[in-house]
Every structure is written in structure tokens, then in C-alpha cells.
1. Return one number: the angle in degrees, 0 to 90 and rounded to the nearest 10, between the long axis of the Cα atoms of helix 272-282 and the longest principal axis of the Cα atoms of the chain.
2. Mind pulling the angle between the C-alpha long axis of helix 292-301 and the longest principal axis of the chain? Nearest 10 degrees, somewhere in 0 to 90.
3. Identify which of Ile325, Ile123, Ile131 has the largest mean-square fluctuation in a Gaussian network model of the chain, with springs joining Cα atoms closer than 10 Å.
4. How many nm separate the modelled label positions at Arg256 and Glu115, each set 7 Å beyond the Cα in the direction of the Cβ?
5. Per-residue counts of other Cβ atoms within 10 Å, averaged by peptide: what ranking do you get for 225-231, 37-43, 137-143, highest first?
6. Once you've got the GNM for the chain with C-alpha springs shorter than 10 Å, pick whichever of Ala340, Ala211, Ala265 has the biggest mean-square fluctuation.
7. Please work out how much length the chain gains when fully extended from Asp269 to Thr321, using 0.36 nm per residue of separation minus the C-alpha to C-alpha distance, in nm with one decimal.
8. Relative contact order for the chain: what is it in percent, counting Cα pairs under 8 Å that are at least 6 residues apart?
Amino acid sequence: GDISPSNTKPIYIAGQTSQNGILLTSSSYNGALMRVNANVTGFIMRGLTFAVGEGGMTSVCCRDNFDIGNGTNYYISENTFVWSVDESLGLGDATHVTFANNLISESLSLSVHAEGEHSKSTIITNNADKISFFQNLFKDNVDRNPLIGGGSPGPPLDEFELSRNVIYNWDNFGLVVAQGPKSVNIIDNISISGAATSPDRYAFAFDETDATVFALGNRDDTYRTLESDAEFDAVGCQSCSGGVYMRTPLPIGQRRLTPFAYPMANLPDYTKQQVLDTVYTFAGDVNDAGGITSRNKSDFLTRKGGIIDDPVDVGGYPTITAGTIITDTDGDGIPDSQEAIWGNDTFGYVNSIIGSVSPPITLNSLIRKKNSTFTGVN
């Protein structure tokens with residue numbers, strides 16, 4: 001359902017505070033499992049597993065896991081998104097959005113979508129801007145891993161960065177940038193082929209547009225396998241004419257030699273193994289609700305798994321034992337037992353529960369909107 005607050009007070013969904021994890025699903029609803037649909041000026045979400053599934057429905061178009069409608073200053077981290085009927089993640093009229101350390105996996109292929117095959121991972125529409133993807137694992141999705149520029153009305157987004165992400169066992173498309181944006185950094189991303197992966201397509205592909213691209217340290221199994229290979233060997237043109245489909249290099253005029261100034265632009269360069277180790281360690285629901293995250297990561301580690309049509313293909317929905325509800329008399333998000341220590345510092349308290357999960361990047365450094373204040377929780 002929608003999260004549409006009537007004010008702009010920052011929101012923190014602190015799933016990492018749950019004792020046994022939180023698994024979200026829906027029995028019957030032709031829409032996103034959760035949609036933030038308001039002009040929020042700060043939204044943090046951590047430690048949840050989304051698994052919308054088919055919900056007993058027979059023909060739908062839009063059972064996404066999580067959508068952002070508008071607003072600014074989002075930090076979506078350490079969550080797991082599986083078993084969507086449409087995209088797992090959708091992003092519309094929003095700016096300054098960071099997706100970090102998430103697992104986006106097993107979007108359903110031949111399920112109940114009205115168009116038939118529809119295993120889609122993530123779509124970012126034209127109206128979004130200043131978007132970062134950092135240390136996420138895209139696994140077993142046919143395409144849109146992610147798709148930038150989804151064709152909705154509005155100008156193309158201005159800035160986008162993809163850093164230290166892993167795309168595993170994609171089929172038709174890995175990353176596709178289709179209608180903009182103007183400035184793109186893709187740094188230290190890894191594509192790994194699986195049983196479904198098409199050998200004739202670039203894992204990192206751009207339309208022939210005005211977009212300029214900085215590429216550093218990206219690897220795949222076909223075009224850039226060695227560190228000594230030219231950086232742009234890994235980057236293709238999705239819409240250029242000539243040659244075999246998706247096997248045309250990115251035009252020289254769209255290549256940048258220096259990154260545009262964004263938080264991930266000057267990170268220490270990681271080797272392929274460092275990226276794989278970091279993503280395997282940190283991506284996904286920190287609580288591992290129902291074991292869905294650990295099972296996906298185990299399949300990734302052993303290069304198993306695959307494109308699925310129904311949750312029953314991987315064991316179906318798990319049962320989660322209810323945890324103990326802690327007493328919070330004043331409803332401020334801090335247990336009575338911790339009030340003397342934390343006072344009203346809600347954000348400090350919930351972050352302290354699991355500590356730092358993604359060094360060397362801190363939470364505050366990823367929330368990039370200047371002068372933003374996260375002082376409360378709805």
C-alpha cells in the first residue's frame with residue numbers, strides 16, 4: 001500500500017530492529033506492495049524482505065515489490081526484494097536516491113503478468129534524477145538490471161552512478177541506459193554469466209543519446225575479462241546500428257575520461273574479487289527473514305539458481321516465528337530500557353543495533369542532500 005504522509009517529516013523504517021526478521025507479501029492487490037507516494041524530504045528503509053508473489057491472482061500488470069513515486073533524499077539499504085510479477089523496484093519523480101547493499105532477485109518470469117514473460121528487476125523513469133546504486137546484487141532477473149530511462153513523460157535524468165554492483169545470470173539485459181541521463185559513472189561493477197545469460201549482449205549498454213559515460217574497473221565474462229583490457233571494452237551501445245545486435249561498442253563521443261563529481265566517483269578502486277566479497281557479505285536483508293537472503297546468496301556463491309516462474313520453484317514462502325515486542329511507552333522508537341542512554345536520538349539508536357554494515361561508506365555520507373536533518377521518525 002501507499003505511504004503518503006501529510007507532512008515532510010523524515011521517515012525511518014528500521015527493519016533491522018526486528019528480532020526474527022520482517023517478510024512482506026500480499027494476498028491480492030494489483031499494485032506495488034509498498035509505494036512511497038508523497039513529497040517526503042527524507043526516507044530510510046533497512047532490514048526488510050519483500051516478496052509480493054502472485055497472490056492467487058490470474059492476470060495482473062503491476063505487482064511490484066517497492067516503488068518510489070516522488071520526494072527526495074532516500075536511502076534504501078540492506079533489504080531483499082524477490083518474486084515480483086512486474087519490476088521488483090520502480091522509481092519515478094524522485095531525486096537524491098541511493099540503493100545500497102540490497103539483493104534484487106528472482107523476479108518471476110512466466111507468471112501471471114498480462115504480457116506473459118516479465119522477469120524485470122528495476123526501472124528508473126525519465127523523471128528521476130541523481131540516483132546511486134552501490135554494492136547491490138542483481139540475481140536471476142531476465143532484464144532491467146537496472147533500466148534507466150523508462151519512457152515516461154519528462155526530461156531525462158541528469159546524473160546516475162552504478163558502483164561495485166554485481167549482476168548475475170541476467171538473460172536479455174544487464175544494465176541498460178535508454179534515454180539519458182546526461183552524466184553517468186559506472187565503476188567496479190561485475191557481470192557474471194549464468195545458464196540464462198545471452199552471450200551476444202553487453203552487460204552494460206547505452207542508447208545512442210547525449211549521455212556521457214565514465215567507465216572504470218567494470219568486468220564481464222565476454223568483453224572485459226582482464227584488468228589490462230581497455231576500460232570501454234565492457235560498455236556497449238544498445239541502439240546503434242550495424243553489427244550484431246548489442247555488440248556495438250559505445251561511440252567515442254559518449255565516453256568520459258574523468259568521472260563527474262558524485263559520492264562514488266573517488267572510491268578506492270576495488271579488484272573483481274574485492275567487489276564479489278563485499279557484495280556477498282553485505283547485500284540483502286540483514287535479518288535474513290525466512291532464510292530467503294541466505295539461500296539466494298548461497299546459490300550465487302555456488303553459481304546455482306536460475307530464472308523462476310513461481311515461488312514454489314525455490315521452496316515457496318517460509319514461516320517466520322514471531323518475535324517479542326519490546327516496550328516503548330512513549331512510542332518514539334526507543335525501548336524504555338534504552339531511554340536513559342539514547343534519549344530522543346532515534347536514528348542513533350536504530351543504527352547502533354547492527355552497527356556499521358558497509359565500510360568505508362557511512363550512512364550520512366550516502367544521504368547526499370546538503371543540510372538535510374534526520375531528527376525524527378513517523
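The values are calculated or read from the model by the stated rules, or taken from the named source; none is laboratory data. Treat the numbers as computed from the prediction; the structure is a model and nothing was measured. As a convention, Cβ positions derive from the backbone with ideal geometry for all residues, glycine included, and neighbour counts pool all protein chains shown. Heads up: the accessible areas ignore ligands, DNA and RNA and are worked out on the full protein's heavy atoms, side chains in. Shrake-Rupley method; radii C 1.70, N 1.55, O 1.52, S 1.80 Å.
1. 20
2. 30
3. Top of the fluctuation ranking is Ile325.
4. So the two model labels end up 3.0 nm from each other.
5. Ranking the peptides 225-231, 37-43, 137-143 by packing returns 137-143, 37-43, 225-231.
6. Most flexible of the set in this elastic network: Ala340.
7. Values: separation 52, 0.36 × 52 = 18.72 nm, distance 4.17 nm.
Between Asp269 and Thr321, full extension yields an extra 14.6 nm.
8. Relative CO of the chain lands at 15 percent.
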